[in-house]
1. Let me check the size of the stretch 244-388 from its C-alpha atoms; what are the radius of gyration and Dmax in Å?
2. Residues in the stretch 219-243 near a label at residue 190, defined as backbone nitrogen under 11 Å from the 7 Å Cα→Cβ point?
3. Quick one: in the stretch 171-324, what % of C-alpha pairs are over 19 Å apart?
4. Hey, could you grab the Kirkwood Rh for the stretch 140-182? Inverse mean 1/r over distinct alpha carbon pairs, Å, one decimal.
5. Give me the percent relative contact order of the chain, please, defined on Cα pairs under 8 angstrom at least 6 residues apart.
6. Please label the shape of the stretch 127-217 as rounded, prolate or oblate, based on the square roots a ≥ b ≥ c of the eigenvalues of the alpha-carbon gyration tensor (a/c under 1.5 means rounded; beyond that, a/b larger than b/c means prolate, else oblate).
7. Could you rank the peptides 212-218, 371-377 by their average count of other C-beta atoms within 10 Å per residue, with the highest value first?
8. Could you state the angle between the C-alpha long axis of helix 120-132 and the longest principal axis of the C-alpha atoms of the chain, as a value from 0 to 90 degrees rounded to the nearest 10?
Ligand code: TGC
Ligand code: FAD
């Protein structure tokens, strides 16, 4: 306990002093990304959200910042720690979940499988261009009839001489229409395999899904593969089972554990500032007990979620994070972030439903984050299986 004479004044925006748990290099990276988001993203995000776009030129800027494939080593990738990668996701998603999604998909879902399962030639061909942002990738696992259960996929790849022919459809693919290259998972005679499909391959088409009201600053697309002919060396040689795509998800889910807390932090801080300024019944709404309850719940959720993220990050850096540990973070931090966003929305009253404040944008985005990368229900079942040894998926 501090001596009674010590003034007790925790920072409302870092109540538990989590800042102290970060080293110099981690703080520097976090501050750099936070500044870039403030300069480059926040002034335009409402326009992008309304128009349903995320400008492609951001990828090269993200590449120059070293944020694409940042946790991978070699081939132009920075080889950052898991905690550094998490801090970048935190700050990007404090800007907008669509921005973090673009970076997650590029680094964890498109570059990671090439880095982990690709041939030396594939790595040389794609990874430096993707790390710099010159080439953008997407990840095609989900299909119209195969979402939570990707093992039921119908997309097929068959041999024709030494070539491969791909037929099928993928849907809800982030970066789909803007990508230069897609990692497509398909059923083959040898099991599920990953293919590197250039977006200009004849028979490959991508079309954005219209009328999306969540994650609007992100291109989410349907992909059709109609007899796409690929050379023998388009297949990732290192894996031929569902372990391939599912192992990529661990990487992206880990980024979401942090990212969700970025969105939650933005909502909490907006609500705190608003509650102190906004007056009703002759006093700030922050002075009402019911508002204080909401602010305290939000603050506790953000601090708890940050501690979970940092703990998982340190475990990942030590090689101790099991996929079900990552599920713990994705499960709890995303549902907590969504609850924070909903509470913040109510503190803002009518102003909470406009884009003048970031809250409703985050709230709508988090509905997608709750669903993608394994729904909240799927992570419940992964954790349930981990506790009991019994699978309850079917
Ligand atoms: P199951 O029989 O349990 O396993 C098949 C093989 O995969 C291995 N495995 C994993 N390996 C590494 N990491 C994991 N998390 C793994 N989970 C399973 C497993 O050991 C086995 O390997 P092997 O060598 O013995 O063959 O697989 P299942 O088909 O029963 O699946 C279980 C389930 C339901 C947990 C899985 O299908 C699942 O996670 N479903 C959710 C689907 C999902 O999350 N889709 C995400 C699509 S991508 C996306 O949403 C991007 S959003 C954009 C953004 O990130 O911003
Ligand atoms: P379904 O699987 O049909 O689930 C519907 C409901 O049923 C959910 O509540 C689910 O939890 C529940 N349910 C399903 N099975 C069970 C069960 N066994 N027990 C209890 N409840 C169950 N996919 C990609 O491959 N690449 C991407 O880049 C990508 N980006 C995305 C971007 C956005 C904006 C969105 C919204 C999705 C994206 N996805 C992507 C797809 C995402 O991964 C899927 O939406 C997700 O896996 C859920 O699949 P589904 O939507 O088909 O829902």
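Every number here is computed from the coordinates shown, using simple stated rules; none is lab data. Every value quoted in this text rests on a predicted model; they were computed, and no experiment measured them. Positions of Cβ are generated from backbone atoms using ideal geometry, with glycine treated the same way; all protein chains shown enter the neighbour counts.
1. 16.8, 60
2. Residues passing the 11 Å test: 232-241.
3. 70 percent
4. After inverting the pairwise mean of 1/r, the radius is 11.6 Å.
5. 17 percent
6. oblate
7. The densest-packed peptide leads the list: 212-218, 371-377.
8. Long axis of 120-132 versus the principal axis of the chain: about 30 degrees.
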